[in-house]
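Accompanying notes for the structure given below.
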Amino acid sequence: SNLEESRAVEHFAEGLAMLTTRDVGGWRGYANDIPDYDGDGGSVREIVSRALERVVAEGSKKQTWRVFLHKPLGRPLSPVLVTAMRIK
């Protein structure tokens, strides 16, 4: 993967977790606050927003996601594992 893809995956996973947030603006506010990284595939914000919109449109109304980001300590160049599981 590349840096753009890595950023998109991390923001998408966090966006899934934010689907049930009580923060002002909700998950859309989170998506709008993603920095505007531009890459070959378009802006990360646009890609993540479209993906989250699809999850909301095609999923159940009260879906809840549990998301984890696993980073090895002391090994900054090691791959990061992102897991997401729908629990409702």
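The values are calculated or read from the model by the stated rules, or taken from the named source; none is laboratory data. Please read all numbers here as calculations on a predicted model, not as lab measurements. Ideal geometry is used to build each Cβ from the backbone, glycine not excepted, and the neighbour counts take in all protein chains shown. Calculation scope for accessible area: heavy atoms of the full protein, side chains included, ligands and nucleic acids excluded. Shrake-Rupley method; radii C 1.70, N 1.55, O 1.52, S 1.80 Å.
Please indicate, with yes or no, whether at least one residue in the stretch 7-15 is surrounded by fewer than 18 Cβ atoms within 10 Å (Cβ to Cβ) and among the small types (Gly, Ala, Ser).
Within the stretch 7-15, none of the residues are surrounded by fewer than 18 Cβ atoms within 10 Å (Cβ to Cβ) and among the small types (Gly, Ala, Ser).
Anything in the stretch 70-88 that is of a type in the set (Val, Ile, Thr) and either under 14 Å from the mean Cα position of the chain (by Cα) or surrounded by 10 or more Cβ atoms within 10 Å (Cβ to Cβ) (or both)? List them, or say none.
80, 82, 83
Just checking, does the stretch 72-85 include any residue being within 18 Å of residue 11 (Cβ to Cβ) and among the charged types (D, E, K, R)?
No, the stretch 72-85 contains no residue that is within 18 Å of residue 11 (Cβ to Cβ) and among the charged types (D, E, K, R).
So which residues in the stretch 41-69 are over 16 Å from residue 12 (Cβ atoms) and either free of Cβ contacts under 8 Å to residues at least 12 places away in the same chain or open to solvent by 60 Å² or more (accessible area, probe 1.4 Å) (or both)?
61, 62
Which residues, counting only those in the stretch 16-29, are open to solvent by less than 60 Å² (accessible area, probe 1.4 Å) and more than 16 Å from residue 64 (Cα to Cα)?
25, 29
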